[in-house]
Amino acid sequence: MALSGYVGRRAGSVLGQVGDLFVIVLEALRRSWDVRHWWWEFVDQCWFLARVTSVPVLLVSLPLGATVALQVGELAWQLGAGSATGSAVFVGLIREVAPLASALLIAGAGGSAMTSDIGARNIRDELSAMEVMSVNPIHRLVTPRMWAASTVAVCLCPLVILAGASGGYFFNVVVQGVTPGAYFDGALSLVVASDLYVTLFKAWIFGFIAAAVACYKGMTCATSPVGVGRAVNQATVLTFMLVFTFNYVISAVYFLAYPPRSL
């Protein structure tokens, strides 16, 4: 009985947190049309996120592209199809690596800053003060951050693709000796326009999720410095879990609707 009661309380707590998260998201979206009240905060958040994620995403994508080229290139050489490495590198970068890398950097670098900022405002009672002044803190703080994270996540995808393709080019062409024409011809043989559209859509969704979770954890953290630190940790872990879950669902639906093209 004690165990079942504990499980019931934990399940109720989780469902309550999910409900609170959806309430904050829907409330943030409800006044998104009123851009003039959150435009400058949106610009500031875009600049901040771009500043803290652009260089790390390049540094992460270069070795990722080289690693994919290394793993696939060795197998392709054994099968006598070394020129197919470009296809694997570009397909992997566009379909999976680009949206995931941009989302994880948004969550790790930008989301943690969002959680700590809003959590600090919470423990200083700034959120309550905004409500007293008839200013909705969700409209003023959460709405611009969600749209900024989504926008920057989409903009980071081309950087990931270019940097990863450069890393793959170095290993496949410079190290393994594949001709540049074969590398890029193989790269473009399997990629279709719908892959890029789905990638940008996934990046937008993942950025939105990262900002929503970060803001929710910041607004509901315990009113102490320790509570803010725990909220940052929880927001990062929860964002990673949601991003990988949604990535699987979207990819599965996409592959059912548009089966991969064969060589």
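The values are calculated or read from the model by the stated rules, or taken from the named source; none is laboratory data. Quantities reported herein were computed from a predicted structural model and do not represent experimental measurements. Cβ: placed from backbone, ideal geometry, glycine included. Neighbour counts: every protein chain shown. All accessible areas refer to the heavy atoms of the entire protein, side chains included, with ligands and DNA or RNA removed. Shrake-Rupley method; radii C 1.70, N 1.55, O 1.52, S 1.80 Å.
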Quick one: in segment 186-219, which of the residues that are within 16 Å of Met241 (Cα to Cα) and of a type outside the set (A, V, I, L, M) is surrounded by the fewest Cβ atoms within 10 Å (Cβ to Cβ)?
Phe208
Condition check: in contact with a Cys (Cβ under 8 Å, 6 or more places away or on another chain) and either more than 30 Å from Pro137 (Cα to Cα) or surrounded by 17 or more Cβ atoms within 10 Å (Cβ to Cβ) (or both). Does Thr239 satisfy that?
no
Considering every residue within segment 126-147, establish whether at least one is under 26 Å from Ser194 (Cα atoms) and touching a Lys or Arg at 6+ places or on another chain (Cβ under 7 Å).
no
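The rows are residues; the columns are (1) out of contact with any Leu (no Cβ under 6 Å at 6 or more places or on another chain); (2) within 30 Å of Gly86 (Cβ to Cβ).
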position	(1), (2)
His139	yes, no
Ile161	no, yes
Gly167	no, yes
Phe170	yes, yes
Do we have Val142 as assigned to a helix (DSSP H, G or I), buried (at least 16 other Cβ atoms within 10 Å of the Cβ) and in contact with a helix residue (DSSP H, G or I) (Cβ under 8 Å, 6 or more places away or on another chain) here?
yes
Which residue pairs have Cβ atoms closer than 9 Å, lie 6 or more positions apart in sequence or on different chains, and pair a first residue in segment 22-46 that is closer than 15 Å to Thr151 by Cα with a second residue that is open to solvent by less than 70 Å² (accessible area, probe 1.4 Å) and of a type in the set (Lys, Arg)?
Glu41/Arg145; Phe42/Arg145; Gln45/Arg145
Tyr183 passes all but one of (1) open to solvent by 20 Å² or more (accessible area, probe 1.4 Å); (2) of a type in the set (Phe, Trp, Tyr); (3) touching a residue at least 12 places away in the same chain (Cβ under 8 Å); which number fails?
(1)
Filter segment 154-198 down to residues that are closer than 12 Å to Val89 by Cα, in contact with a Lys or Arg (Cβ under 7 Å, 6 or more places away or on another chain) and assigned to a helix (DSSP H, G or I), then give me how many there are.
0
Considering segment 93-114 alone, what residues qualify as being open to solvent by 10 Å² or more (accessible area, probe 1.4 Å), out of contact with any Pro (no Cβ under 7 Å at 6 or more places or on another chain) and of a type outside the set (S, T, N, Q)?
Ile94, Arg95, Glu96, Val97, Leu100, Ala101, Leu104, Gly108, Ala113
